[in-house]
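**Q** Okay, handing you the structure first.
The values are calculated or read from the model by the stated rules, or taken from the named source; none is laboratory data. As the structure is a prediction and not an experimental result, all values here were calculated from the model. We place every Cβ from the backbone using ideal geometry, glycine too, and count neighbours over all the protein chains shown. Keep in mind that these areas ignore ligands, DNA and RNA; they rest on the heavy atoms of the full protein, side chains included. Shrake-Rupley method; radii C 1.70, N 1.55, O 1.52, S 1.80 Å.
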Amino acid sequence: MSSKNPPADRPSRPRLSSAPSLKLQGFVVVIHGPERGRRFVVGEGPFVIGRSPEANLVINDERVSRQHATIVCEDDEWRIRDGASRNGTFLNEARITDEPLRDRDRIRIDRSVLRFRTATDIEAAYHDEIYELMRADGLTGLANDRVLSDAIDREVRRSERYRRPLTLVLFEVDRFPEAVKAYGGQGGDAVLMQLAELLLQQFRRDDVFCRLDGERFGVLVPEVEGLNALTIADKLWRTVRDAVFVNDAAQQMRVTVSVGLASLDGERRTREQLRTDALRALERAQDRGGNCIEAALFRPTGSA
């Protein structure tokens, strides 16, 4: 049997080709510093960070070298190199000379903190970073006051509905301006970053730990009140009191905190009332000279 040829007018099936791979692009976002939220596209050539007006990202601070650090892309690998700076370049809080860069790495140069990102769609990735900046503290990486307020609203409603205990702890570093004066702004930043990292390890996953403003922090602790709340506050206070903080110049620093807390169990209290009670307790601790704990504790509705 002879084979039949296909009709001449039948179009041949197009050959499928693989879609071209999209090239990753690099950019940095200032997450802490004078230009917080600003984006800088790294591009093809060396990207210089420093005090020089010719740098791609200018940080106008005398502690920053003119060509402090450089980001390069070599053999499809991003790297960051310190430019023999006096005060160092820090990658994820480790001082570096020449290291690979990965997506979401954190770069610190003096008091400016940058996030390095790689993405095929820079605009989408940048919008993600801006959303995160709206809900996070750039220096410590903790959630911010907005997140705490939302959490208090949610947990107060839950506490009222199910009659579950809830505690808000506010604390502030004592005489923080004196530490900044003694060790400089970078020394103050070091205390805040290391304090946040130290305390984060002792809170539970459901606790909401935030940096509120300056040297003030807060932690919302569901399902805890009374003596258990005081135990948490005491552990926090002792942890900070016994810690030794170190700045970039390897100087050791010690600080204390004043702590105020308010607890409720079934009380009809708004977010503002809970925060006000905790704040008044904090102010009482500060009025006593600091380095102590004050509490405002409430009984459940209908208790004797």
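**Q** Can you pull out every residue in the range 122-131 that is open to solvent by 10 Å² or more (accessible area, probe 1.4 Å) and touching a residue at least 12 places away in the same chain (Cβ under 8 Å)?
**A** I122, Y126, I130
**Q** What number goes with the only condition from (1) open to solvent by 20 Å² or more (accessible area, probe 1.4 Å); (2) in a strand (DSSP E or B); (3) in contact (Cβ under 8 Å) with a residue 24 or more places away in the chain that L114 does not pass?
**A** (1)
**Q** Moving on. Quick one: would you say E160 is open to solvent by 10 Å² or more (accessible area, probe 1.4 Å), at pLDDT below 95 and farther than 27 Å from D76 by Cβ?
**A** yes
**Q** Whether any residue in the range 135-156 is over 23 Å from G50 (Cα atoms), of a type in the set (A, V, I, L, M, F, W, C) and more than 21 Å from the chain's Cα centre (by Cα) is what I want to check.
**A** Looking through the range 135-156, at least one residue is over 23 Å from G50 (Cα atoms), of a type in the set (A, V, I, L, M, F, W, C) and more than 21 Å from the chain's Cα centre (by Cα).
**Q** Now, a different point. Would you check if there is a residue in the range 169-186 being of a type in the set (S, T, Y), over 29 Å from V246 (Cβ atoms) and modelled with pLDDT under 95?
**A** Looking through the range 169-186, none of the residues is of a type in the set (S, T, Y), over 29 Å from V246 (Cβ atoms) and modelled with pLDDT under 95.
**Q** Search the range 55-100 for residues being basic (K, R) and over 22 Å from L24 (Cβ atoms), and hand back the single one that is least open to solvent (accessible area, probe 1.4 Å).
**A** Ranking the qualifying residues of the range 55-100, first place goes to R63.
**Q** Quick one: which strands (runs of 3 or more DSSP E) lie wholly within the range 66-109 and hold at least 3 residues that are touching a residue at least 24 places away in the same chain (Cβ under 8 Å) and among the β-branched types (V, I, T)?
**A** Qualifying strands (runs of 3 or more DSSP E): 69-74.
**Q** If you go through the range 39-59 one residue at a time, how many are over 24 Å from K23 (Cβ atoms) and without any contact (Cβ under 8 Å) to a residue 24 or more places away in the chain?
**A** Selection size over the range 39-59: 6.
**Q** Which residue out of L230, L220, L198, L212 is within 24 Å of V246 (Cβ to Cβ), in contact (Cβ under 8 Å) with a residue 24 or more places away in the chain and among the aliphatic types (A, V, I, L, M)?
**A** L198
**Q** In addition: Looking only at the range 159-216, count how many residues are of a type in the set (V, I, T) and under 21 Å from D287 (Cα atoms).
**A** The total comes to 2.
**Q** Would you confirm, using the coordinates I've provided, whether E35 is surrounded by 10 or more Cβ atoms within 10 Å (Cβ to Cβ), at pLDDT below 95 and part of a loop (DSSP other than H, G, I, E, B)?
**A** yes
**Q** So G260 ticks every box in (1) open to solvent by 10 Å² or more (accessible area, probe 1.4 Å); (2) under 12 Å from F171 (Cα atoms); (3) not aliphatic (A, V, I, L, M) but one. Which box is left unticked?
**A** (1)
**Q** Here's a follow-up. Name every residue in the range 40-54 that is part of a loop (DSSP other than H, G, I, E, B) and surrounded by fewer than 20 Cβ atoms within 10 Å (Cβ to Cβ), in order of residue number.
**A** Within the range 40-54, G43, E44, G45, P46, R51, S52, P53, E54 qualify.
**Q** In addition: Touching a strand residue (DSSP E or B) at 6+ places or on another chain (Cβ under 6 Å) and open to solvent by 10 Å² or more (accessible area, probe 1.4 Å): does that describe D213?
**A** no
**Q** When you go through R204, R254, R238, R280 one by one, which is the residue that is more than 25 Å from the chain's Cα centre (by Cα) and either without any contact (Cβ under 8 Å) to a residue 60 or more places away in the chain or open to solvent by less than 10 Å² (accessible area, probe 1.4 Å) (or both)?
**A** Answer to the check: R280.
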